[in-house]
1. With each label point set 7 Å from Cα along the Cα-Cβ vector, what nm distance links Met1 and Leu68?
2. For Glu43, what is the net charge nearby, where nearby means another residue's Cβ is under 12 Å from its Cβ and Lys, Arg count +1, Asp, Glu -1?
3. In whole Hz, what ³J(HN,Hα) sequence does the range 63-75 give by Karplus (6.51, -1.76, 1.60; θ = phi - 60°), x for Gly and Pro?
4. Cβ neighbours within 10 Å, averaged per peptide: list 12-18, 78-84 in order, most packed at the top.
5. Which ³J(HN,Hα) values, rounded to whole Hz and listed in residue order, are derived for the range 23-34 from phi using the Karplus coefficients 6.51, -1.76 and 1.60 in 6.51 cos²θ - 1.76 cosθ + 1.60 with θ = phi - 60°, glycine and proline given as x?
6. Charges only on Cβ, +1 for Lys and Arg, -1 for Asp and Glu: so what's the dipole of the chain about the Cα centre, in debye to the nearest 20?
7. Determine, from the Cβ-Cβ distance of Lys17 and Asp78 and an R0 of 25 Å, the FRET efficiency 1/(1 + (r/R0)^6), rounded to the nearest 0.05.
8. Using +1 at the Cβ of each Lys and Arg and -1 at the Cβ of each Asp and Glu in the chain, identify which of Asn69, Gly16, Gly81 lies farthest towards the dipole's positive end.
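Rule-based calculations on the coordinates, nothing more; no lab input. Just so we're clear, the structure is a prediction, and the values are computed from it rather than from any experiment. Every residue, glycine among them, receives a Cβ derived from its backbone with ideal geometry; neighbour counts consider all protein chains shown.
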Amino acid sequence: MPSIKKHVEKSMQRTGKTYQEVHEWIDEPQHKNERHDITRVLEFSSMFKEKYGEQAAQEYVHHLADDLNGKFNHMMEDIQGLLDNTLTYFGAIKK
Ligand SMILES: [Zn+2]
């Protein structure tokens, strides 16, 4: 998953603002899992909208999407590695 610094850079590119407080809140280590819970997206986006405005709520959603993409890409690399190892093991891939 992208670091807070990376999330801040992406927000800056998208909006011209860092939304550092949004990204720090989401990635706070003690609450990280509950704050990335997709089933609570309406609750948390409303909270950000009230506190910092519509664009902050949108940046919260972008944060989740960027994390999801990061996780998915990492998972695909792991799967490709397992696949390559298995094919090599059975001689299906020549070195
Ligand atoms: Zn995150």
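1. In this crude label model, Met1 to Leu68 measures out at 1.4 nm.
2. 0
3. Using θ = phi - 60°, the values come out as 4, 4, 5, 5, 5, 4, 4, x, 4, 5, 4, 5, 4 Hz.
4. Taking the mean over residues of other Cβ atoms within 10 Å, the ranking is 12-18, 78-84.
5. 5, 5, 5, 5, 8, 4, x, 5, 10, 4, 5, 5
6. Dipole about the Cα centre, nearest 20: 340 debye.
7. On the way: r = 34 Å, r/R0 = 1.38.
FRET efficiency, Lys17 to Asp78: 0.15.
8. Going by the charge dipole, the pick is Gly81.
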